[in-house]
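Inspection log for the structure reproduced underneath, given as structure tokens.
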Amino acid sequence: MTFYLSAYRSQPAAAYLFARVRLSRKEIESDLQIGLNVAYVEQESQTVTLYPFEKSYSISDAEWLRWKELQDADAISLENTGICYRFYQADAGDATIVTGLTCNTNCVMCPVSESSRCHAQLTPVEELKMQIRYFGTEIPHITITGGEPTLLKQGLVEVVQYAKEQCPSSEILILTNGRTFSVAPYAQAFNQLLVAQDQIAIPIHGSNAERHDAITQARGSFAQTITGLKILAQGTMRIEIRIVVSKLNYMDISDIVDLLLTLPRITVVNFIALEMCGNAIKNREQAWIDYPQAAAACEDGIEKLVSAGIDIGLYNFPLCAVKHKYWTLCRDSISDYKIRYTPECESCKVKNICYGVFNSTISTGCFVARPIAE
Ligand code: SF4
């Protein structure tokens with residue numbers, strides 16, 4: 001969640017800082033003792049006081065609409081421009097670390113645009129470690145994503161190591177294209193660090209190098225990813241495969257699953273519906289197929305995976321795109337702030353159990369709702 005504190009612009013405590021939100025005074029001292037900054041939000045006076053700086057700022061009525069959504073122990077960043085961002089929501093049970101949007105592939109249907117990736121920078125390792133400190137020690141799940149997190153190179157090893165030390169009971173999920181794990185010593189470092197409760201999720205876009213590399217627009221990426229998967233299979237973490245279903249590969253899904261069944265130790269396969277922004281919308285003619293067509297293309301693969309005893313999920317698919325028998329595979333996978341429904345959804349009998357659609361996929365006119373009557 002992004003929000004504002006215009007009063008901060010004239011008297012910033014720092015150019016950029018993190019702070020733990022507190023709604024009462026009682027834990028401010030203990031937060032300060034472990035080296036955290038605190039943003040004490042006082043409802044009555046509609047102010048925020050930053051500690052240890054002891055600077056107070058009034059929050060305007062318009063800005064308060066967002067500030068009042070903050071919960072105790074959330075973590076926020078403040079820029080001297082007055083832009084604030086909640087990077088950790090304490091009641092979510094999950095925290096995400098973004099290593100930056102930079103990536104070493106340029107997938108045709110990526111929801112991030114090529115220009116965003118080109119101009120993005122990697123987040124400094126020390127900043128990522130500082131974010132982890134604000135999650136607290138009890139956080140059950142941490143997701144590390146990019147861009148491509150392995151572009152941090154040894155820095156990613158350091159970040160994972162730090163997360164393990166600070167949050168020892170947390171499950172760690174790394175979202176990566178897996179190419180860098182073709183470098184054996186690098187993959188082996190993760191084989192040592194990650195344990196059975198952790199997970200690495202890697203996309204396979206085609207059943208062969210020609211199709212996969214055409215989608216990633218990175219020659220050699222298929223061979224690197226497959227090599228990486230084989231080395232990671234020597235570890236104990238769970239290995240998840242993600243198949244992003246688009247016009248570029250929907251005819252190939254069954255063959256992709258056949259390939260996966262030849263790989264060692266794949267524990268989860270998730271089929272992903274498109275988020276229509278960034279490259280995906282720029283390349284709409286090449287990439288987009290209607291969600292029901294994408295879901296239907298997965299059915300044969302789903303049946304093979306069920307027979308092989310592999311866990312399956314359907315990510316980002318609304319229920320009206322999926323046959324009833326597969327509804328139990330649909331997952332709550334869209335970030336809360338991106339979930340939308342169309343006016344037609346109001347008459348849908350299953351809206352209360354449907355996880356919705358990406359705001360971008362609706363606003364670009366790609367999605368057609370098919371309200372369910374019974
Ligand atoms: S019509 Fe709307 S609420 Fe109903 S299943 Fe489709 S997206 Fe979900």
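Bear in mind that the values in this text are calculations on the coordinates, not laboratory data. Note that the structure is predicted; figures quoted are calculated from it, not measured. Every residue, glycine among them, receives a Cβ derived from its backbone with ideal geometry; neighbour counts consider all protein chains shown.
Remarks
- Secondary structure note: in the chain, about 40% of the DSSP beta bridges are antiparallel.
- Point-charge dipole on Cβ atoms (K/R +1, D/E -1) for the range 281-374, about Cα centre, debye to 20: 160 debye
- The range 167-297 - Debye-derived log10 I(q)/I(0), Cα point model, q = 0.10, 0.15, 0.19, 0.22 Å⁻¹: -0.33, -0.73, -1.07, -1.30
- Straight-line reach from Lys349: taking Cα to Cα under 20 Å and skipping same-chain neighbours fewer than 8 places apart, the lysines in range are Lys323, Lys325.
- Estimated translational D of the chain in µm²/s (Stokes, Kirkwood radius over Cα pairs; 4 °C; 1.567 mPa s): 58 µm²/s
- Each Lys and Arg Cβ is given +1 and each Asp and Glu Cβ -1; about its Cα centre, the chain then shows a dipole of about 500 debye.
- Footprinting exposure proxy for Lys164, Lys325 (fewest neighbouring C-beta atoms within 10 Å first): Lys325, Lys164
- For the chain, averaging the sequence separation of C-alpha pairs within contact (under 8 Å, six or more residues apart) and dividing by the residue count gives a relative contact order of 11 percent.
- Phi-based couplings in Hz for the range 310-319 (Karplus 6.51, -1.76, 1.60; Gly and Pro marked x): 9, 5, 9, x, 10, 9, 6, 8, x, 4
- Under 5 Å from the amide H of Leu173 lie the amide H atoms of Ile142, Thr143, Ile144, Gln199, each residue being 5 or more positions distant or on a separate chain, with H modelled from the backbone and absent for Pro and chain starts.
- In order along the range 320-336, the Karplus-derived 3J(HN,Hα) couplings, from 6.51 cos²θ - 1.76 cosθ + 1.60 at θ = phi - 60°, round to 5, 9, 10, 4, 3, 5, 9, 4, 5, 8, 5, 10, 7, 10, 8, 4, 3 Hz, and Gly and Pro are given as x.
- Straight-line cross-link reach from Lys55 at under 20 Å between alpha-carbon atoms covers these aspartates and glutamates, not counting any fewer than eight positions away in the same chain: Glu27, Glu29, Asp31, Glu42, Glu44, Glu63, Asp72, Asp74, Glu79.
- Once backbone amide H atoms are built at 1.01 Å from N, Leu101 has Gln121 as its partners under 5 Å, excluding neighbours fewer than 5 places away on the same chain.
- For the range 97-224, a/c is not less than 1.5, where a ≥ b ≥ c are the root eigenvalues of the C-alpha gyration tensor, and a/b tops b/c. That puts it in the prolate class.
- Furthest towards positive pole of dipole, Gly93, Leu23, Ala233, structure part the chain, Cβ charges: Ala233
- Amide H within-cut-off set for Val357, under 5 Å, with H built and near neighbours excluded: Arg340
- Treating each Cα of the range 324-374 as an identical point scatterer and summing with the Debye formula, the log10 of I(q)/I(0) at q = 0.14, 0.22, 0.24, 0.27 Å⁻¹ comes to -0.36, -0.89, -1.03, -1.21.
- Phi angles across the range 22-35 convert, under the Karplus curve 6.51 cos²θ - 1.76 cosθ + 1.60 with θ = phi - 60°, into 3J(HN,Hα) values of 10, 9, 9, 7, 5, 9, 4, 4, 5, 5, 5, 5, 9, x Hz, Gly and Pro given as x.
- Selection from Ala120, Tyr162, Cys84, by position along the positive dipole direction of the range 29-168 (Cβ): Ala120
- Charges were assigned to the Cβ only: +1 to each Lys and Arg, -1 to each Asp and Glu. The resulting dipole of the range 1-54 about its Cα centre is roughly 140 debye.
- For chymotrypsin sites (Phe, Trp or Tyr not before Pro), the sites in the range 345-374 that DSSP calls loop and that have at most 16 other Cβ atoms within 10 Å are Tyr355.
- Of Gly136, Ser6, Pro111, farthest towards positive along the dipole that unit charges on Lys, Arg, Asp, Glu beta carbons give the chain: Pro111
- Taking every C-alpha pair closer than 8 Å and separated by at least 6 residues, the mean separation divided by the residue count of the range 299-340 gives a relative contact order of 34 percent.
- The lysines within cross-link reach of Lys282, meaning a Cα-to-Cα straight distance under 23 Å and a gap of 8 or more places when in the same chain, are Lys247, Lys338.
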